[in-house]
Amino acid sequence: MNPEELRKIAITQKESNAQYKHQICVCTAAGCVSSGADKVKDALNAGVKKLGLESTVQVKGVGCMGPCSAGPLVRVKVRVESEGEILYKEVTPENATEILASLDTGKKIDKLEYNTDVPFFTRQKKVVLENAGYVDPDSFVDYIGHDGYEAMIKAYTEMAPQDVIEEVIKSGLRGRGGGGYPTGLKWSTVAKARGTRKFVICNADEGDPGAFMDRAVAESDPYRLLEGMAIAAYAIGADTGYIYLRAEYPLAVKRLRAAIRQAERHQTLGNGICGTTFNFRVEIRLGAGAFVCGEETALIASIEGNRGQPRPRPPYPAASGLWGFPTLINNVETLANIPYIVREGGDAYGSIGTEKSKGTKVFALAGKVENTGLIEVPMGTLLKEIIFDIGGGIPDGGKFKAVQTGGPSGGCIPDQFLDMPVDYESLAKAGSIMGSGGMIVMDDTSSMVDIAKFFMEFCMTESCGKCVPCRVGTVQMHNLLEKIANNEATEDDLALLQELCDMVKNTSLCGLGQTAPNPVVSTLRYFRDEYESRLVRKGDNGSKPQPEEVKA
Amino acid sequence: MSPMTAQVVTLKIDGQDVSAHENDSILTAAREHGVFIPTLCNLDGLTTLGACRLCLVEMAGSPKLLPACTTKVSEGMEVVTSSERIAKYRRMVIELLFAEGNHICAVCVSNGHCELQSMAQTVGMTHVSVPYLYPKRTVDASHERFTVDHNRCILCMRCVRVCDEIEGAHTWDVMGRGTAAKVITDMNQPWGTSDTCTSCGKCVHVCPTGSLFEKTASVSEMLKRRHFLPYLTMMREEVE
Ligand SMILES: Cc1cc2nc3c(=O)[nH]c(=O)nc-3n(C[C@H](O)[C@H](O)[C@H](O)COP(=O)(O)O)c2cc1C
Ligand code: SF4
Ligand code: FES
């Protein structure tokens, strides 16, 4: 379809949305679906039918609204033209009649209301997730009715590929897959690389335990991801793209598959995109749940049909990637930022965030914190704002101890850093990393040795087995951590653990091994006493450590 | 790129100015100039893997260590092939390998001719400082001429590569993750029942340890002969 036809669809859709007096949005992302959102939606639809409200009330499924632990969530817009919105939490199918009855009276149902005038909502800034919770992820026309594909039309019809890259460079966007590599630089490298073909790969393997940022994007706004990929393809000159998606996300698989079909039908993918002569197809490849397959060279090997094992870099995929061709590989969230950057301009995006970390970041807030769920904040938001304002602090009057960021490759940040802005540099300085956006809050009942052991066990079982330091080193480190946790280790064991941390970090082949020691190193840096208090002291014959007061 | 157009670059290896073809690895350049870098997974004539990490070298201007076997030379590069730090890491790699499997030299067919054993001497290993893991591993003696003893396997993948790249049979492959990874024949069937194995014995002779051996060999008797590999590679290159 050419731009005029696409714009016509957008206008028709906007008009048809405006017809309804009331709009009821039911979250249909995985979190709410698992607590019964589908049944709520069915009950609402049945109620509308029974009461004959089809022409005035619109019930639609939308993507993730954020506070997943309070699901199923339902947002009611009483009178679409006014801005008034009410969010209801923990809605059951039985509440459907009540909700429908409340529409005309305009009275809220107090017992179900989720107060949105709280920092959890007001402190967030939605860029990547701007459509999540508003757009029907199963509907091409609803996406385009919410200004979807505007960026693509702009890029394809008004901008040269180099201009698109310039905007991305100007935006200051950095890769959200963990490494934080400047996206514009990566794009221009692939654009310049010589090759008879080029590929775009979207890394949707999301293997960090507890992370679900990419899943939310793929489930809530699949068209946005496809739009981002198509813009990237145009900028670098690729004809084929792959989404490497973990098979454990069946809803994302289903929605993306449907979205690809719909997009091809409307020629926002496939041949002759947007009325131009540019062709770009996208295929989905399912990952079988190996963490290491998120590493770019292992991911490429896996798409090629080989065993998912990393290979030494250089050559980087930008020079020699999929089947040896120059390949752009970006994370889901990175690509989901692209439509905003192209639509609003690189400078507008660059005005969000800090000097070196631009834009927003999505975090999966979890652990000992009042409000868990998905949040998006400007880079540079203070750690304490995230945990105490947005997160609502530690439940049950508990005391904050540390926050773990970056998953198995990251570290634990103690309370002296609560005033720190959350950006790439500050996190690195504190001994952790941004990572892909996992944030686990821990209170003073959490044991740092146990945390370190948990992540080491993860790395040990996920190591592919190719290089010696990671394959054997992680087992040795895990065994030593277990010995410490069981109060059986000596000072020599602790020294050996530290030596292995240094060795595995510096000699492993890929990022998995190179960062596997991080959780140990960071907890040793800030909570060394927790390790030492569990050691068997020299001179003790028993295997149990003596409590301090007895020794004195 | 054909040798006719290959560019020559100059670099420094351990302070010595050397020249090399631009497509050479640091390892090749170092060997050509008599600088020894220990290697284990690497074998001339097979593709490079970068898995054992013994050949890691330091690079001026980069905090990262790089494997000499897979890293290409470049103009002005300054490489340091030995330092106290590298020596320590190399020793630890060998210690980790000894602790990972069940390597009992005294009863091994390769005793005295084993690359792991001699590498332990080369890197100055005096003892193993990490606890032994004593894994439960199997032996497959179903092939009429050869045996694979997984207790002695260090997962160097030479057998996998030689079988695929030189013999073209691709009988060997790997399964499993982490320390559970192991080399397998066909779809993890007994070697003796393999449909693809040509019984050429190339895997046995490239194996650095006593993991693959001929059934006729007793303790210390398994001598590995590898002259076929450079010869075959050379002949093939000539044909091309
Ligand atoms: C062990 C390991 C796992 C990784 N897993 C992921 C992942 O699940 N998703 C992802 O986007 N990047 C992952 N990465 C990072 C990728 O290698 C790569 O840097 C990234 O996809 C590049 O995209 P970006 O520039 O947009 O961040 C992983 C890296 C390592 C070393
Ligand atoms: S069997 Fe021998 S050649 Fe094959 S991976 Fe093991 S040690 Fe290497
Ligand atoms: S010889 Fe280079 S990594 Fe093994």
Practice item. Please compute the net charge surrounding A:LYS358, taking Lys and Arg as +1 and Asp and Glu as -1 over other residues with Cβ under 12 Å from its Cβ. Key: +2
Exercise for review: Starting from the Cα of A:ASP502, step 7 Å along the direction of its Cβ; do the same at B:HIS21; then give the gap between the two resulting points in nm.
Suggested key: 4.0
**Study point:** Per residue convex hull volume, Cα atoms of segment A:215-331, in Å³
**Key:** 96
**Study point:** segment A:247-286 residues near the modelled A:THR157 label - backbone nitrogen below 16 Å, point 7 Å along Cα→Cβ
**Key:** A:266-269, A:272-278
Exercise for review: Could you grab the relative contact order for segment A:449-551? Cα pairs under 8 Å, six or more apart, rounded to a whole percent.
Suggested key: 32
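Could you compute the FRET efficiency for B:VAL8 and A:ASP239, with r as their C-beta to C-beta distance and R0 at 51 Å, rounded to 0.05? The partial results should precede the final answer.
Numbers: r = 37 Å, r/R0 = 0.72.
About 0.85, to the nearest 0.05.
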Check your understanding: DSSP beta bridges in segment A:148-350, what fraction antiparallel, as a percent rounded to 5?
Key -> 10
**Study point:** Normalised contact order of chain B, rounded percent, pairs of Cα under 8 Å and 6 or more residues apart
**Key:** 18
Check your understanding: Taking 0.36 nm per intervening residue step and subtracting the Cα-Cα distance, what contour gain separates A:SER16 from A:ARG265 on full extension?
Key -> 87.5 nm
Exercise for review: Quick one: give the max-minus-min coordinate of the C-alpha atoms of segment A:449-551 along each principal axis, largest first, in Å.
Suggested key: 47, 24, 19
Practice item. Using only the Cα atoms of segment A:148-350, build the gyration tensor, take square roots of its eigenvalues as a ≥ b ≥ c, and label the shape rounded, prolate or oblate: rounded if a/c is under 1.5, else prolate if a/b is larger than b/c, else oblate. Key: rounded
Point to revise | Simple spin-label estimate for A:ASN306 and A:ARG123 in nanometres, 7 Å along Cα-Cβ | key: 4.7
Review point. Picking from B:SER220, A:LEU100, A:LEU256, whose Cα lies most toward the positive end of the charge dipole for the protein assembly as shown (charges on Cβ: Lys, Arg +1; Asp, Glu -1)?
Key: B:SER220
Check your understanding: From the backbone phi of segment A:384-393, what are the Karplus-calculated ³J(HN,Hα) couplings (6.51 cos²θ - 1.76 cosθ + 1.60, θ = phi - 60°) in whole Hz, Gly and Pro given as x?
Key -> 5, 5, 5, 7, 9, 7, 5, x, x, x
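Tally Lys/Arg at +1 and Asp/Glu at -1 over every other residue whose Cβ is under 15 Å from the Cβ of B:ALA60; what's the total?
After counting each charged neighbour, the total is -2.
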Exercise for review: Considering the options A:THR189, A:ALA230, A:THR240, tell which one lies farthest towards the positive end of the dipole of segment A:138-249, charges being +1 on Lys and Arg and -1 on Asp and Glu at the Cβ, about the Cα centre.
Suggested key: A:THR189
Check your understanding: At B:THR126 and A:GLU94, where each label point lies 7 Å from the Cα along Cα→Cβ, what is the point-to-point distance in nanometres?
Key -> 7.6
Practice item. In whole Å, largest first, what are the principal axis extents of the Cα atoms in segment A:1-155? Key: 47, 37, 28
Exercise for review: Output the relative contact order of segment B:1-74, whole-number percent, from Cα pairs under 8 angstrom with separation of 6+ residues.
Suggested key: 31
Revision key, fill the gap. Partner shielding of A:300-309, as the mean number of partner chain Cβ atoms within 10 Å, equals 1
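Quantify how strongly other chains surround peptide B:93-99 by giving the mean number of their Cβ atoms within 10 Å of each of its Cβ atoms.
Rounded to a whole number, the mean comes out at 4.
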Practice item. Would you mind computing the Rg to Rh ratio of segment B:42-162 from its alpha-carbon coordinates, Kirkwood style for Rh? Key: 1.01
Review point. Assigning unit charges at the beta carbon (Lys, Arg +1; Asp, Glu -1) and nothing else, what dipole magnitude in debye, to the nearest 20, does segment B:190-240 show about its Cα centre?
Key: 200
Exercise for review: List, largest first, the extents of the alpha carbons of the protein assembly as shown along their principal axes, each in whole Å.
Suggested key: 93, 78, 54
**Study point:** Cβ neighbours within 10 Å from other chains - mean over A:503-511
**Key:** 5
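Read the figures in this text as sums done on the coordinates, not as results from a lab. Just so it is clear, the structure is predicted and the values come from calculations on it, not from any experiment. Note that we place each Cβ from the backbone using ideal geometry, even for glycine, and neighbour counts take in every protein chain shown.
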